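Some notes on the structure that comes next.
The values are calculated or read from the model by the stated rules, or taken from the named source; none is laboratory data. Only a predicted model underlies this, so the values are computations on that prediction, with no experimental measurement involved. Counting neighbours? That spans all protein chains shown, and the Cβs are built from the backbone with ideal geometry, glycine included. Areas reflect the complete protein model, heavy atoms only, side chains present, ligands, DNA and RNA absent. Shrake-Rupley method; radii C 1.70, N 1.55, O 1.52, S 1.80 Å.
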Amino acid sequence: AYCSCSGRSRAASGCCSAVQDYAAVHGWEADCFQSNHEGAIIDAIQQAAGVYDGIVINPAAYTHYSYAIYDALRAVDVPAVEVHLSDIRQREPFRQVSVTAPACRGQIVGHGFAGYLEALALLAEGL
């Protein structure tokens, strides 16, 4: 699996360690990537094709306006699950809309860092 953790580097590092530990316990492998640059995220999604069986992504603020990330997720034949630490449906009106979710097979919101682990489990179950 491929996991894109968002946030400050320390939080992303902890998220990545948790994801990789969880994956290892289940006999899976997970790589992590974090960037604040939309183009780098798109490049990473495109490079996942043929390499990874799934993508766990937290597009952060890009969730609400990045049709480029939406297009990249749609263009690769790799199932993705979108994760948000908070429940975006309980936030400001403009944050309640995800333009990237329709390109994903599922969305997990409001479960904190555990949402990343839930997303891995969903991918492993084949959604």
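Does any residue of the range 91-101 turn out to be part of a helix (DSSP H, G or I), among the polar types (S, T, N, Q) and within 22 Å of residue 15 (Cα to Cα)? Can you show your working first?
So the first thing to find is which residues in the range 91-101 are part of a helix (DSSP H, G or I), and the list is 93-95, 101.
Then drop every residue that is not among the polar types (S, T, N, Q), which leaves none.
Among the residues of the range 91-101, not one is part of a helix (DSSP H, G or I), among the polar types (S, T, N, Q) and within 22 Å of residue 15 (Cα to Cα), which makes the answer no.
Please find, among 56, 83, the residue that is in contact with a Cys (Cβ under 6 Å, 6 or more places away or on another chain) and of a type in the set (Val, Ile, Thr). Walk me through it before giving the result.
Numbers: 83 fails: in contact with a Cys (Cβ under 6 Å, 6 or more places away or on another chain).
Among 56, 83, only 56 is in contact with a Cys (Cβ under 6 Å, 6 or more places away or on another chain) and of a type in the set (Val, Ile, Thr).
How many of the residues in the range 99-127 are polar (S, T, N, Q) and open to solvent by 20 Å² or more (accessible area, probe 1.4 Å)?
Quick first cut of the range 99-127, residues polar (S, T, N, Q) only: 100, 107.
Restricting the remaining residues to those that are open to solvent by 20 Å² or more (accessible area, probe 1.4 Å) gives 107.
Total satisfying the criteria: 1.
Pick out the one residue from 31, 21, 77 that is within 18 Å of residue 123 (Cβ to Cβ), of a type in the set (D, E, K, R), without any contact (Cβ under 8 Å) to a residue 12 or more places away in the chain and out of contact with any His (no Cβ under 8 Å at 6 or more places or on another chain). Write out each step before concluding.
On the way: 31 fails: without any contact (Cβ under 8 Å) to a residue 12 or more places away in the chain; 77 fails: without any contact (Cβ under 8 Å) to a residue 12 or more places away in the chain.
Sole residue among the options that is within 18 Å of residue 123 (Cβ to Cβ), of a type in the set (D, E, K, R), without any contact (Cβ under 8 Å) to a residue 12 or more places away in the chain and out of contact with any His (no Cβ under 8 Å at 6 or more places or on another chain): 21.
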